[in-house]
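To start, the structure under review is shown below, and the notes come after it.
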Amino acid sequence: MGMNFMPDIFKNRLRGTQLLVSLCMLFFVAILFPSCGIYSFRNATIPAEVKTVNIKFIQNTARYINPQLSQKFYDKIQQKIIGGTKLTRSNSDDAHYVISGTITGYDANQTVGISAQQATTNRLTVTMHIVLKKTLENKTDEFDVSRSFDYSANLSLQQAEGQLLDEVVRSLTDDIFNRIFSDW
């Protein structure tokens, strides 16, 4: 009997379904059998032998210290790494990756916009120093990340921090994640 007695519309749907099933199977095979000993998860490229990460509390040594910043960075970096990779969190200094960081700069004394001899825009620049210890390779990488955030000169620093804090933490966390896991 076969498909000879089926109307064309049913034949086309059957072919489409077969194609979809084939593509799904190919996708699952590609996921189940990774190659080269490196896996990629949500844009994170991590050697397959790396399984654990220890994320140290972020210290703040900037001249001006926002009392919320260290904890917010620590929480967000943990959340991003644990949620964006398959690494398991560890408190051991022998974890495969040990990540520590320091907020080294928090400067808001920059005027970047002037109109009619009045400041219109100020800039907050936040700088962090990150240390990544790769225990399996017996190697340590260090790098700095820095971002600037503009805000209205009509706002006090405390008002601007209220508006900018989440963006500051998210942006710098993304930069740190990309530097560590995306060879960026």
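Any read-out appearing in this document is the output of simple, stated calculations on the displayed coordinates, not a laboratory observation. The structure presented is a predicted model; accordingly, all values stated were derived computationally and were not measured. Virtual Cβ from ideal backbone geometry, glycine too; neighbours counted across all protein chains shown.
Summary table
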item	result
Whole-number Å³ per residue for the convex hull built on Cα positions in region 46-184	103
Whichever aspartates and glutamates have a C-alpha closer than 18 Å to that of K76, once near sequence neighbours (fewer than 8 apart) are set aside	D144, E161, D166, E167, D174, D175
Unsatisfied cross-links (Cα-Cα over 20 Å) in the set K51/K72; K80/K133; K51/K134	K51/K72
Neighbour net charge for D94 - beta-carbon separation under 15 angstrom, K R +1, D E -1	+3
